[in-house]
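Some notes on the structure that comes next.
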Amino acid sequence: MSDFDTIIKGGTIIDGTRHRAKFVGDVAIKNGLIAEIVEGGGIDTSRADKIIDAAGLNVVPGYVDLHTHYDGQLLWDPYLSCSSWHGVTSMAIGNCGFGFAPAHPHERERLMLSMERVEAIPLATMKAGMDWDWETFPEWLDSLERRPKGVNVMSFVPLNPLMVYVMGMEGAKTREPTKEELAEMLRLMEESLDAGGVGYTMQRLGDGFTSVQRDYDGTPMPTDTMSDELVLEFAKVLKGRGEGIIQLTQAKDDVVSDLDFGADLAEASGCPILWNAVQVNERHPHQHRRMLRWVNEQREKGHEIWMQAITTPNDLRFMLDDFNLFDGNGAWRNVTIGDVETRMAKMQDPELRAAVREDYDSGSAPFVTGPVADLVVDSVANEENQVYVGMTVAELGASMGKHPSDAMLDLSISEKLKTVFYVVPFNYDEGLLNEILENEWTVPGLSDGGAHTKFLNYGRYPTNMIETLVRERGSYTLEEAHYRLAAVPAKAAGFNDRGTLEVGRAADIVVYDYENLKVLPTEIVHDLPGDEWRYVERAEGYRYTIVNGEPIFIDGVCTGATPGHLLRHGQAKAAAKVA
């Protein structure tokens, strides 16, 4: 019997600790764990069953993504692409308070309808791909445990389905729970955490302009309307247990009061808070600066708050046939709810169209896309409209001799809402982004993987970071980048068995060609259940992606291995011991 299962030979090791400069050496793997690391190399190759020649390649800890919506996708895609294509080996699901457990059988379709709008996951895909062999949250985790997984997954306890399970959808949105309902919800929270949930999550975007992610009927989600007092009742559960994490997406009232509530939540729970999100807005740099000052102040007070940072260009492409990210603007929301025929009819209603014009003229900028005037016509469905490709909406209006918003709607209606618009990134200024990157408490990422499948793909963020922020801009050293991509999110989420390359830790390892690593162009693929499509961006330059000691991708080709674990309480149920 060999001493090791695999030896990764002669690579440039960047261990993710940030305390040690990169070095050339060997890594030996046994039973899914790192068994030996030798600087300078020298591990006898005869001691292993398999040898990976990593000469000239970087050997780094697998990346950890704490913000995804792969809850449904895991049921049909063990590898959770696109994230795993970009070196992510561990992911968190159940973010923003959204998920599918607990769920009464009669509420399943209603939960899917919510997820179709709020996270833009096609309903046809969920109906075709989800088998619903669970009701409670513990049963949900058991279901995930049984399924083949190419990557590691941990699950938060999302508050929306829990509230709906006890109070019903209408009650959860419109009133406080009764004493009995509160007791039952807290019992379910304890039960879910006992089963392996790593904490709870919620989106609190209120009913104002910030509520960009709404239910299928345009109303806020339950956690958008829940009171501070109710949120803090759940926080007391974590305080009493002395464990857990809270992921909070908050933009409910104003920035100051939102940040104050984040501090209150940290104090009440005594646990880490994953604040979502901080990103650059080039038109309003005070926004991210205020958040960075706040997290520094909270850290000085002893509150463990982490700022999840969007570090990828916020470009997206969308068509008005199913776009939901105008939902923070009432006028645009009113004309983008319903099926295609319903939307087209609303877009031709004189009063609704006048409201859209007024919104445009007021300078109101949708939270996600920025000013409508700056949107670009990316592609058209009809040949006669090719002349408009490349124009901004402002230029489109001038070309058509119409108010710009009328021109945008008329062009879309003429193509049955299949005109594609492009958002020019406004969050990627090098100097401003470096202010976020340099803060000690920021966690790069927030891929939103599995969500907004027809609009964007932030799952490319690790590759983007290495290709652009390290290699081209020099914003990070490689040591700092891999500390941020793996060790920091692992620490923030309570993973205690992975995130760095150290003896005894899980062998989640990425081997890549630094000079040739790159994000490939955006493409459309029809690979979702229900005959649905999505935008994807693949990567080039990853040689091996290894999960718990087994390669899941070699030179971008899937091996078919499914060595991933469900990380209950943030770790694998039974980690093997290094011999």
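Points worth noting:
- Answer residue from the range 271-288, given it is out of contact with any His (no Cβ under 9 Å at 6 or more places or on another chain) and without any contact (Cβ under 8 Å) to a residue 60 or more places away in the chain and is nearest to F234 (Cα to Cα) among those: W275
This table checks each residue for (1) at pLDDT below 95; (2) more than 29 Å from S84 (Cβ to Cβ); (3) assigned to a loop (DSSP other than H, G, I, E, B); (4) not polar (S, T, N, Q).
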{"site": "K402", "(1), (2), (3), (4)": "no, yes, yes, yes"}
{"site": "L411", "(1), (2), (3), (4)": "no, yes, no, yes"}
{"site": "Y422", "(1), (2), (3), (4)": "no, no, no, yes"}
{"site": "L432", "(1), (2), (3), (4)": "no, yes, no, yes"}
{"site": "I436", "(1), (2), (3), (4)": "no, no, no, yes"}
{"site": "P444", "(1), (2), (3), (4)": "yes, no, no, yes"}
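- Among the residues of the range 170-207, the one identified as touching a Lys or Arg at 6+ places or on another chain (Cβ under 8 Å) and over 30 Å from H569 (Cβ atoms) is G206.
- Residue in the range 284-299 that is assigned to a loop (DSSP other than H, G, I, E, B) and buried (at least 21 other Cβ atoms within 10 Å of the Cβ) present: no
- Taking first residues from the range 289-305 that are without any contact (Cβ under 8 Å) to a residue 60 or more places away in the chain and partners that are acidic (D, E) and in a helix (DSSP H, G or I), the Cβ contacts under 7 Å between residues at least 6 apart in sequence or on separate chains come to H303/E267.
- Test result for R214, over 18 Å from F234 (Cβ atoms), of a type outside the set (V, I, T) and in contact (Cβ under 8 Å) with a residue 24 or more places away in the chain: yes
- Count - residues of the range 148-171 that are aliphatic (A, V, I, L, M) and crowded, with 24+ Cβ neighbours inside 10 Å: 7
- Evaluation of S414 against the conditions (1) crowded, with 18+ Cβ neighbours inside 10 Å; (2) free of Cβ contacts under 8 Å to residues at least 40 places away in the same chain; (3) among the hydroxyl-bearing types (S, T, Y) shows that the sole unmet condition is (1).
- Of all residues in the range 84-91, none are in the same structural domain as G150 (by TED's automatic domain parsing), assigned to a helix (DSSP H, G or I), within 21 Å of G197 (Cβ to Cβ) and modelled with pLDDT of 95 or more.
- Among the residues listed as V38, V64, the single one being over 19 Å from N548 (Cα atoms) and in a strand (DSSP E or B): V38
- Residue within the range 239-246 that is over 20 Å from the mean Cα position of the chain (by Cα), in the same structural domain as R187 (by TED's automatic domain parsing) and not in a helix (DSSP H, G or I) present: yes
- Just one of the listed residues (A345, A331, A354) is touching an Asp or Glu at 6+ places or on another chain (Cβ under 6 Å), more than 30 Å from R568 (Cβ to Cβ), part of a helix (DSSP H, G or I) and without any contact (Cβ under 8 Å) to a residue 40 or more places away in the chain, and it is A331.
- Those residues of the range 41-57 which are touching a residue at least 24 places away in the same chain (Cβ under 8 Å), exposed (fewer than 14 other Cβ atoms within 10 Å of the Cβ), of a type outside the set (A, V, I, L, M, F, W, C) and in a loop (DSSP other than H, G, I, E, B), in sequence order: G56
- Candidates G363, G390 - the one that is in a loop (DSSP other than H, G, I, E, B), over 27 Å from A277 (Cβ atoms) and either aliphatic (A, V, I, L, M) or out of contact with any Leu (no Cβ under 9 Å at 6 or more places or on another chain) (or both): G390
- Residue check, D378 farther than 15 Å from D410 by Cα and either modelled with pLDDT of 95 or more or outside the structural domain of A407 (by TED's automatic domain parsing) (or both): yes
- Selection within the range 174-212 - within 15 Å of S227 (Cα to Cα), at pLDDT below 95 and either aliphatic (A, V, I, L, M) or surrounded by 20 or more Cβ atoms within 10 Å (Cβ to Cβ) (or both): Q203, R204, L205
The values are calculated or read from the model by the stated rules, or taken from the named source; none is laboratory data. The structure displayed is predicted, hence computed values, not measured ones. Glycine also receives a Cβ, built like all others from the backbone with ideal geometry; neighbour counts cover every protein chain displayed.
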